[in-house]
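The values are calculated or read from the model by the stated rules, or taken from the named source; none is laboratory data. Just so it is clear, the model here is predicted, and its values are computed rather than measured. Virtual Cβ from ideal backbone geometry, glycine too; neighbours counted across all protein chains shown.
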Amino acid sequence: MSQFFQVHPDNPQARLIKQAAQIIHGGGIVALPTDSCYALVCHLDDKSAVERLRRIRGIDEKHHLTLLCRDLSEIGVYARVDNRQFRLLKGATPGPFTFILEATKCVPRRLSHPSRKTIGLRVPENRIVSALLEELQQPLLGTTLILPGDDDMLNDADSIRERLEKLIDLVIDGGACAMEPTTVVDLTGDEPELVRQGRGDAAILGL
């Protein structure tokens, strides 16, 4: 049975953030709001939690999971970023963008794309996520909360609890989110490539 925390979207309660971090450290799967839509997240280094997350979402290892990072410097630990890429990232973070970059050796091999050795990363502009990342002092691994067979993302914490209370460990209710996923941009080529148009305005990247 999953726990349910009502967390203030602008002033997250430190006590609840600390408890959420403990749940994640213990191998838990958490549903939380972001600046795009609700996401499922788990500990980066917990293999069994990652496998559970993939089963809940109905996705295989070829599907990019995303690292939710605190800032650009943390992105630089897990991805190779040149000067051109850095300028693009700086202009679009934090915000509702996911960037595909070449993974460094700090990313567990099972998490990077099996053929391309790439990883998706983002810096969310959401105070609940930011507070949790600060408490953890490392990225979270996440994916958009849309369940197998559904056409739409789950956006209501009560509905998420009703659908997933036996499958995940915590639902963080931070209010309604946008009903759009992130905009995904591939930065591994000579020019940025728009992979998915979502909430982020691709025009700020010249796309």
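Looking only at the stretch 72-81, count every residue that is among the acidic types (D, E) and surrounded by fewer than 14 Cβ atoms within 10 Å (Cβ to Cβ) and tell me the total.
0
Report, by residue number, each residue of the stretch 112-131 that is surrounded by 21 or more Cβ atoms within 10 Å (Cβ to Cβ), touching a strand residue (DSSP E or B) at 6+ places or on another chain (Cβ under 7 Å) and of a type outside the set (S, T, N, Q).
I119, G120, L121, R122, P124, I128, V129
Which numbered condition in (1) in contact with a helix residue (DSSP H, G or I) (Cβ under 6 Å, 6 or more places away or on another chain); (2) of a type in the set (A, V, I, L, M); (3) in a loop (DSSP other than H, G, I, E, B) is the only one that A31 fails?
For A31, the exception is condition (3).
Among the listed residues E180, E162, E135, identify the single one that is of a type in the set (D, E, K, R) and closer than 21 Å to F97 by Cβ.
None of the others qualify; the one that does is E180.
Could you list, in sequence order, the residues of the stretch 32-63 that are of a type outside the set (A, V, I, L, M) and buried (at least 20 other Cβ atoms within 10 Å of the Cβ)?
Within the stretch 32-63, P33, T34, D35, S36, C37, Y38, C42, H43 qualify.
Please pick out the residue among R70, R110, R87 that is closer than 30 Å to R161 by Cβ and at pLDDT below 95.
R110
Keeping to the stretch 157-191, report how many residues are surrounded by 14 or more Cβ atoms within 10 Å (Cβ to Cβ), among the charged types (D, E, K, R) and closer than 20 Å to Q3 by Cα.
Number of matching residues: 5.
If we keep just the residues of the stretch 132-173 that are of a type in the set (D, E, K, R) and without any contact (Cβ under 8 Å) to a residue 40 or more places away in the chain, which is nearest to S48 (Cα to Cα)?
R163
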